[in-house]
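Worksheet: one structure, shown below.
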Amino acid sequence: MSILNFIVTSNHIHLILSSRGSKDAIPRAMQLIAGRTAQEYNRRKNRKGAFWQDRYHATAIESGEHLWRCLVYVDLNMVRAGVVKHPSEWKWSGYHEIQNPKDRYRLIDHNALKSFLNVDSNEVLATTHLGWISGELKESPKRKSIL
């Protein structure tokens, strides 16, 4: 399984994942993430129950433009919420890894992302990504959906 983009907020997460092969990989991963997050939080706060707001929701995403729009939608989550003015201001997202790929300790699978977007380099990926973000911010930064 590959992470293509993500954002973590105080009450939910958005993940764009690729699971080549197993249909059960994403549901199992989401169950593990939800369970482990709740266990750790509950242990620290001496409480019981779920941590995340609701159950996860999965949507199939096509490669190409649809994937670009989904990446931007995720990156603009905290902008739409009015918490930040630009996704670069939100620390807990994949925006930073797309713009400045890490050599180590990375979450995003750049090779898979470039393949799905038909992009041949990290530089082109970052430039195009920033262009989509900038274009959407000019259009309507708090618009609910660009999908």
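For region 38-84, filtering for residues that are small (Gly, Ala, Ser) and either touching a Pro at 6+ places or on another chain (Cβ under 9 Å) or part of a helix (DSSP H, G or I) (or both) leaves 2. Considering 107, 67, the condition of being within 16 Å of residue 129 (Cα to Cα) and surrounded by 11 or more Cβ atoms within 10 Å (Cβ to Cβ) is satisfied by 67 alone.
Within region 59-80, residues that are hydroxyl-bearing (Ser, Thr, Tyr) sit with their Cβ atoms under 8 Å from residues that are in a helix (DSSP H, G or I), at 6+ positions apart or across chains, in these pairs: 63/116; 63/117. Just checking, does region 133-147 include any residue being among the polar types (S, T, N, Q), under 17 Å from residue 5 (Cα atoms) and part of a helix (DSSP H, G or I)? No: zero hits.
Within region 89-114, the set of residues being in contact with an Asp or Glu (Cβ under 9 Å, 6 or more places away or on another chain) and assigned to a helix (DSSP H, G or I) comprises 95, 98, 110, 114. Taken over region 61-86, the criterion of being more than 15 Å from residue 13 (Cα to Cα) and either in contact with a strand residue (DSSP E or B) (Cβ under 9 Å, 6 or more places away or on another chain) or among the acidic types (Asp, Glu) (or both) is satisfied by 61, 62, 65, 67. For region 1-17, the tally of residues that are modelled with pLDDT under 90 and part of a strand (DSSP E or B) stands at 1. Close contacts from region 122-140, counting a first residue that is under 11 Å from residue 100 (Cα atoms) and at pLDDT 95 or above and a second that is surrounded by 15 or more Cβ atoms within 10 Å (Cβ to Cβ) and charged (D, E, K, R), with Cβ to Cβ under 6 Å and a gap of 6+ residues or different chains, come to 125/114.
Take region 115-129 and flag every residue that is part of a helix (DSSP H, G or I) and among the hydroxyl-bearing types (Ser, Thr, Tyr).
115, 127, 128 - these are the residues of region 115-129 that are part of a helix (DSSP H, G or I) and among the hydroxyl-bearing types (Ser, Thr, Tyr).
The values are calculated or read from the model by the stated rules, or taken from the named source; none is laboratory data. Please read these numbers as outputs of a predicted model, since none were measured by experiment. When we count neighbours, we look across all protein chains shown, and the Cβ atoms used for this are built from the backbone with ideal geometry, even at glycine.
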